[in-house]
Structure formats: C-alpha cells, structure tokens
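The values are calculated or read from the model by the stated rules, or taken from the named source; none is laboratory data. The shown structure was predicted, so the numbers you read here are calculated from the model rather than taken from an experiment. Cβ coordinates were reconstructed from backbone atoms using ideal geometry, including for glycine residues, and neighbour counts include every protein chain displayed. The area values use the complete protein model at the heavy-atom level, side chains included, leaving out ligands, DNA and RNA. Shrake-Rupley method; radii C 1.70, N 1.55, O 1.52, S 1.80 Å.
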Amino acid sequence: MNLLCLSGSLRAASSSRAVLEHIAGHLPEGVTASRFDIGSLPHYNADLGAPEVVEAFKAAIEAADGLVIVTPEYNYSVPGVLKNAIDWASRPAYASVFKHKPVLVASTSGGALGGVRAQAHLKYSLNGMLARVFPWQELVVPQANQKVKDGVFSDPATEAFIGEAVAAFVESIAAGR
Ligand SMILES: Cc1cc2nc3c(=O)[nH]c(=O)nc-3n(C[C@H](O)[C@H](O)[C@H](O)COP(=O)(O)O)c2cc1C
C-alpha cells in the first residue's frame, strides 16, 4: 500500500510538513509514503491545458491507495497553494482522480484551534470531488510550532492520537471501506 503525503505549507521549517513526515515515518508495516511538491504546480488556468507537472501530480494521486494531507490554516481557510493543487486535480468534475480516493486530513496551527476551520473547508471541497474523506475525530495540532524541533515533530499525546487514526485509515483502505 502506498500513501501520497501532501503538505499544505511549502516552507522548509513548516510544522505541517514536520507532522506529515512524522506520519510518513511511522506508517504501519508494509505501507510506504510518497510525496509530491505542490509548489511546483502553476497557478490554475484552464488555458494551460495539461502541463506535464499537472499530469504527474494527477498520476501520483491515481497511483496512490490513499492520500494524507496535513495543512495549516491561512486566514481561517485552506492555503492557496493547496487549494490550487486540488483544483488542478479535480478535473474532470466528479470523475477526477479524487473520485472514491481515501483521504486522511490533519491540520496544524500556531494558535489554539489547530487549523480546524481550514480542515473543515478542505473536507468540504474533497467531499465535493467525491473523495472518500476518512471519518474520524478532527486531527488537529494546536501550538504546532512549539512541538517541532529541527524539523522533527514530537508530542507524545498527539502522536498517539494521530497514530490511532492512521492505523484505522490504513485498515479501512485494506478492507476496501
Ligand atoms: C498567511 C497566513 C495566514 C494565517 N492565518 C491563520 C489562521 O487563520 N488561523 C491560524 O490558526 N493560524 C494562522 N496563521 C498562522 C499559522 O498557523 C502558522 O504560521 C503556522 O506555523 C503555519 O503552518 P506551517 O508551520 O505548516 O507553515 C497564518 C499564517 C499565515 C502565514
């Protein structure tokens, strides 16, 4: 099983990236992680047709058994770079590579709410693309920057909570649910 891991933040010291890498590094046995740099995608413009990098992104989603997305919240919503990426991959509408694709969403923030508003907006969009958003309690990492040192995420309570969700997500994919 392979999970495509996407970060909604591009910066090197991103706490979202650190949480994502923590997940990627602690997957159940037999499960591998792949990555795609969504910062390499152009701004969405239908006039561009099918740029090679967009086709590569769509192929990576298609090939994955599921997606793990960890995103920060920007101004109460999904960061533009992540929205841009999912907009590219969302075509053709209702028949895109997202259709029936299992997706696990987690969010981070420097504040107390852990990006939960961005998470809700992201799930709303994914549902509109007929993705299979994994139903679970919201996976949020508040005060995330304080839980990352030298790019490594560490917070035992959150790690346990996330680990349980990831295990259940993988199990649901394996069972075809
Ligand atoms: C443009 C911008 C908008 C932000 N808006 C929010 C917000 O609405 N809610 C929030 O909790 N944090 C907000 N933040 C703070 C982020 O939670 C914080 O910068 C976080 O570390 C970004 O995630 P990253 O570490 O993965 O890059 C914002 C940050 C930026 C740069």
Sort out which residues of the stretch 166-177 are of a type in the set (D, E) and either touching a residue at least 12 places away in the same chain (Cβ under 8 Å) or surrounded by 15 or more Cβ atoms within 10 Å (Cβ to Cβ) (or both), and write them in order of number.
none
G163 out of contact with any Phe, Trp or Tyr (no Cβ under 6 Å at 6 or more places or on another chain), open to solvent by less than 80 Å² (accessible area, probe 1.4 Å) and in a helix (DSSP H, G or I):
yes
On the basis of being more than 22 Å from Y44 (Cα to Cα) and in contact with a helix residue (DSSP H, G or I) (Cβ under 7 Å, 6 or more places away or on another chain), does G151 make the cut?
yes
Of V19, V31, V70, V53, which residue is among the aliphatic types (A, V, I, L, M) and touching a Phe, Trp or Tyr at 6+ places or on another chain (Cβ under 6 Å)?
V19
Residue, nearest to I162 (Cα to Cα), within the stretch 39-55, restricted to residues that are more than 13 Å from the ligand (Cβ to nearest atom) and outside any loop (DSSP other than H, G, I, E, B):
S40
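So, in the stretch 70-108, of the ones that are part of a strand (DSSP E or B) and away from the ligand (no atom under 12 Å from the Cβ), which residue ends up farthest from the chain's Cα centre (by Cα)? Steps first, please.
Going through the stretch 70-108, the residues part of a strand (DSSP E or B) turn out to be 70-72, 74, 77, 102-108.
Subsequent filtering for residues that are away from the ligand (no atom under 12 Å from the Cβ) retains 102-105.
Working: P102: 11, V103: 7, L104: 7, V105: 5 Å.
This residue is P102.
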Scan of the stretch 133-160 for residues that are of a type in the set (S, T, N, Q) and either surrounded by 17 or more Cβ atoms within 10 Å (Cβ to Cβ) or under 14 Å from L104 (Cβ atoms) (or both), ordered by number
Q137, T158
When the stretch 109-132 is checked residue by residue, the ones that are open to solvent by 20 Å² or more (accessible area, probe 1.4 Å) and small (G, A, S) are S109, G110, G111, A112, A120, S125, G128
Applying the selection to the stretch 1-19, what residues are aliphatic (A, V, I, L, M) and near the ligand (Cβ under 9 Å from one of its atoms)?
L10, A13, A18, V19
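Just to check your reading of the model, which residue among A56, A64 is buried (at least 19 other Cβ atoms within 10 Å of the Cβ) and either touching a residue at least 24 places away in the same chain (Cβ under 8 Å) or more than 16 Å from the chain's Cα centre (by Cα) (or both)?
On the way: A56 fails: buried (at least 19 other Cβ atoms within 10 Å of the Cβ).
When all the criteria are applied, what remains is A64.
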Return the total of residues in the stretch 68-100 being closer than 16 Å to F134 by Cα and buried (at least 22 other Cβ atoms within 10 Å of the Cβ).
5
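Looking for whichever is open to solvent by less than 40 Å² (accessible area, probe 1.4 Å), part of a loop (DSSP other than H, G, I, E, B) and aliphatic (A, V, I, L, M) here; the options are L20, L3, L27. Which one fits?
Details: L20 fails: part of a loop (DSSP other than H, G, I, E, B); L3 fails: part of a loop (DSSP other than H, G, I, E, B).
L27 is the lone residue from the list that is open to solvent by less than 40 Å² (accessible area, probe 1.4 Å), part of a loop (DSSP other than H, G, I, E, B) and aliphatic (A, V, I, L, M).
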